[in-house]
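Report on the following structure.
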Amino acid sequence: MTDTGPPASPGAEADTPDTRATASPDNENPVTGPAGITAISDRLDQLGQLFETKILEAERQQQWVAQLTSELAEYRDDFVFKNVLSRVFRDLIQLHDALSQALDPATLEGMTREDLLARLRHLQKQLLRAFDRQGLEQISSDARTRFNEAEQEAIDVRPVDHPEKDGIVVESTRCGFRYGPRLLRPESVIIGRYEAGNEEADG
């Protein structure tokens, strides 16, 4: 039987020194302690100030964008008026004056049909010159030219007596207009359509 030694005396446990660390200010939790709470509070204050600064910057940027947009709109309107609308308005005013003069009762009194037609043709020429000043080009094809689907619309076909006339413009019924490379209105034309037997039909 193994000897376990003499029994411990009743006061032995009390005499054993306590090796557990005693709480002290140096051993307090760095997060939940007073210093940690103060640090977190300071950081939150810094974040709050940073947030307010960003909000103010965003508001200033929004005001700057609004001001810039307003200035650009004003510049655009002024540019369009000076470079486009004012020229169009001047031409329209001149045409208005010419038409008012042509329709003046004193002018029309005693005017012959030929004189009236000549005056109307003069007004048409004035209108075309105004178009030309604005960069507006008239599209008017002569007969015997090939149909151009990029600038023309075929409103009707007319029988022709030869295959070479198939797809050729026979008549222009309404002029078209282009502005630079932009087509504003296609020219309306009648084109020839050849079918076998048209020669006998024409004969």
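Quick notes on this structure:
- Members of region 98-116 found to be surrounded by 11 or more Cβ atoms within 10 Å (Cβ to Cβ) and free of Cβ contacts under 8 Å to residues at least 24 places away in the same chain, listed by number: GLN101, ALA102, THR107, LEU108, MET111, ASP115, LEU116
- Test result for LEU128, touching a helix residue (DSSP H, G or I) at 6+ places or on another chain (Cβ under 8 Å) and part of a helix (DSSP H, G or I): no
- For region 12-33, the count of residues that are hydroxyl-bearing (Ser, Thr, Tyr) and at pLDDT 85 or above is zero.
- Number of positions in region 150-182 that are without any contact (Cβ under 8 Å) to a residue 40 or more places away in the chain and either under 28 Å from the mean Cα position of the chain (by Cα) or part of a strand (DSSP E or B) (or both): 20
- When LEU85, LEU72 are checked against the criterion of being under 31 Å from the mean Cα position of the chain (by Cα) and under 30 Å from LEU123 (Cα atoms), a single residue qualifies: LEU85.
The values are calculated or read from the model by the stated rules, or taken from the named source; none is laboratory data. These numbers come from a predicted model, not from an experiment. A quick note on method: Cβ atoms are made from the backbone with ideal geometry, for glycine too, and the neighbour counts reach across all protein chains shown.
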